[in-house]
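Every number in this text was worked out from the coordinates using simple rules, so none of it is lab data. Note that this is a predicted model, so its numbers are computed, not measured. Neighbour counts are summed over all protein chains in view; Cβ atoms, including those assigned to glycine, are modelled from backbone coordinates with ideal geometry.
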Number of protein chains: 2
Amino acid sequence: MSVARRFIKQELPLHLVRRHLEPGPVVLLTSAQGTSRNVMTLGWQTVMEFSPSLVGCMISAGNHSFELIRQSGSCVINVPPANLIDTVVGIGNTSGADIDKFETYSLTTEPGVKVPAPSIAECFASFECRLSDDRLVESHNFFVFEIVHATVARLARMPRTLHYTGDGVFMISGRRIDKSALFNPHML
Amino acid sequence: MSVARRFIKQELPLHLVRRHLEPGPVVLLTSAQGTSRNVMTLGWQTVMEFSPSLVGCMISAGNHSFELIRQSGSCVINVPPANLIDTVVGIGNTSGADIDKFETYSLTTEPGVKVPAPSIAECFASFECRLSDDRLVESHNFFVFEIVHATVARLARMPRTLHYTGDGVFMISGRRIDKSALFNPHML
């Protein structure tokens, strides 16, 4: 596998995280607890609040990451560029119980600033999360996280993102269209 | 405003709803209670389970729709094609407390099969929802719905969808790429 681009990221105000998560991209979730760490592919997440910056994630209990996230009460949401698609699929089709996925997929880790889980340098945005509400974890595997530290690559144009439709088929994000002129100023 | 295309939809097995919601499109949420009805724009939702078919929606309590949905315990999630963008923005920047948005935006309603809220004929997919879990409504305005009836237009190619990034800017869904050959069969 060829070496993927590593991004240099800068801090992003937390209420702006929605810019990157609201369109619905597939993300790579990293976790760490003690000497264990892992990374998983996730498509089931939603923004829940601007400030505090909340995001809800449905993380199946069958995932090796589930206990790492529950026990550490934290994770990092990393947004991969679309050209990382084969890595994203590979991570989603293997288990951290069998292999070290960071090594297998040549991912460069950077230490978390506020959480034990690492960020991924090959992803252009990384959002460090602390568990905020676990009331739906037991019944629905649904975690409400507060994003406590956010970094994004400073680029003139963000990379395209991956959006999963099921059946092994992804949608690649397309062009942008600015409709701000039609908005009430307080809705922007 | 020009007349938008109306779609003829057919029933979709409920576990396949993820195909349309997981990529993260902006949706139009319809609701009805007694003689009141409304439609709102929503970008904060996630798939939560295949079967039962669960979806989680963060619906701000400031919306006129909030009480209609809470009291009726139901709504319909409609997926608009990208060319409905000006209607989507208009619906998101007005309140059902002031106007009948269905009339203002020339939307054709069809009666719900299993819920009181109508479907929108100008949307290519409509998913009827019943409230399944309200434990996060009081604290987070987060509703877990079970989709109880699903219809989608039978088309060779689905229309492009809208994905909101904030600041009045939308991303239009782009090309599809099939990576199913890289998947473990049981992951498809």
Shielding of B:129-137 by partner chains, average beta-carbon count, 10 Å: 2
About its Cα centre, the protein assembly as shown carries a charge dipole, from +1 on Lys and Arg Cβ atoms and -1 on Asp and Glu Cβ atoms, whose size in debye to the nearest 20 is 1080 debye
Scan around A:S119 for amide H atoms under 5 Å from its own, H built in the peptide plane at 1.01 Å from N, and keep only partners 5 or more places away or cross-chain. A:E110, A:G112
Taking region A:9-182, the whole-percent share of alpha-carbon pairs separated by over 26 angstrom is 23 percent
Rounded to the nearest 0.05, what FRET efficiency do B:I172 and A:L155 give with R0 = 22 Å and r taken as the Cβ-Cβ distance? Could you check? 0.65
Taking amide H positions as placed in the peptide plane 1.01 Å from N, state which residues far from B:V148 in sequence (5 or more) or on other chains have amide H under 5 Å from it. B:E128, B:C129, B:R130
In deg cm²/dmol and to the nearest 500, what is the mean residue ellipticity at 222 nm of chain A if only DSSP H runs of at least 4 residues count, each as -39500 (n - 2.57), divided by the residue total? -3000 deg cm²/dmol
Taking a straight Cα-to-Cα line shorter than 18 Å from A:K9, and setting aside same-chain lysines fewer than 8 residues away, one finds A:K114
Would you mind putting A:149-157, A:178-186, A:47-55 in packing order, based on average other-beta-carbon counts within 10 Å, highest first? A:47-55, A:149-157, A:178-186
How high is the relative contact order of region A:9-182, in percent, with contacts defined as C-alpha pairs under 8 Å that are six or more residues apart? 27 percent
Which ³J(HN,Hα) values, rounded to whole Hz and listed in residue order, are derived for region A:13-29 from phi using the Karplus coefficients 6.51, -1.76 and 1.60 in 6.51 cos²θ - 1.76 cosθ + 1.60 with θ = phi - 60°, glycine and proline given as x? x, 5, 6, 9, 4, 3, 3, 9, 9, 4, x, x, x, 5, 10, 10, 9
Directionally averaged shadow of the protein assembly as shown, computed from the convex hull of its alpha-carbon atoms, nm²: 17.6 nm²
For peptide B:78-91, compute the average count of partner chain beta-carbon atoms within 10 Å of each residue's beta-carbon. 1
Find the Cα radius of gyration of region B:32-97, compare it with 2.2 N^0.38 Å by division, and give the number to two decimals. 1.18
On average, how many beta carbons from a partner chain sit within 10 Å of the beta carbon of a residue in B:153-163? 2
In straight Cα distance, which lysines are under 21 Å from A:K101, not counting same-chain residues fewer than 8 positions off? B:K179
Determine which chain A residue has its Cβ at minimum distance from the rotation axis mapping A onto B, giving the value in whole Å. A:G24, 1
